[in-house]
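The values are calculated or read from the model by the stated rules, or taken from the named source; none is laboratory data. Note that the structure is predicted; figures quoted are calculated from it, not measured. Cβ coordinates were reconstructed from backbone atoms using ideal geometry, including for glycine residues, and neighbour counts include every protein chain displayed. Just the protein is used for accessible areas: all its heavy atoms, side chains included, with ligands, DNA and RNA removed. Shrake-Rupley method; radii C 1.70, N 1.55, O 1.52, S 1.80 Å.
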Amino acid sequence: LVLATSSLCLIVRQLADHLGIDPVLSTELEFEDDISTGRFVRPPCFSEEKLRRVAKFAREQGATLADVTFYSDSRLDIPLLEACGEAVAVNPDRGLRRRAETEGWQIVDVS
């Protein structure tokens, strides 16, 4: 189980730890002398960049994206959802809902 998110690592790390999820693929701020520079360590983890990171992680585990089930709520994750073996839209935004309906992806609405 991997948490792949566009959110900042410093925000989601505590949640991931609480849930027992490691690793976390996320957007990371650069720090110098414990002060944020306002720059990212690498490109933010969304859209095509998230796809690259998840694909790299899968390869490192001896898997392919065909082995991955990916859950998302955002149309920004469509490139990754398309590449994965199973795509699940959870409380999807309007763009993702339309695409999930078109592609026949599972849609989960949680109140």
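Roughly how many percent of the accessible protein surface of the chain is carbon and sulfur, given a 1.4 Å probe and a whole-percent answer?
Answer for the chain is 50 percent, counting heavy atoms of protein chains only.
Which net charge results when you count Lys and Arg as +1 and Asp and Glu as -1 among the other residues whose beta-carbon is under 10 Å from that of residue 45?
Charge balance in the 10 Å sphere: +2.
What Kirkwood Rh does region 1-41 have if only Cα atoms enter the pairwise 1/r average? Answer in Å.
Roughly 10.7 Å, rounded to one decimal.
Okay, helix-only estimate at 222 nm for the chain: each DSSP H run of n ≥ 4 adds -39500 (n - 2.57), divide by all residues, round to 500 deg cm²/dmol; what do you get?
When only DSSP H runs of four or more count, the value is -10500 deg cm²/dmol.
Pick from 19, 65, 76: which is most flexible by mean-square fluctuation in a GNM of the chain where alpha carbon atoms under 10 Å apart are linked?
19
Under a plain spin-label model, where a point goes 7 Å from the Cα along Cα-to-Cβ, how far apart in nm are residue 65 and residue 101?
If labels sit at residue 65 and residue 101, their model points lie 2.5 nm apart.
Hey, got the Cα dimensions of the chain along the principal axes, in Å, largest first?
49, 34, 26
Using only the alpha-carbon atoms of region 28-86 as identical scatterers, what base-10 log of I(q)/I(0) does the Debye formula give at q = 0.17, 0.24 Å⁻¹?
So the normalised log intensities are -0.63, -0.90.
Over the chain, with the other protein chains present, what is the accessible area per residue in square angstrom, probe 1.4 angstrom?
64
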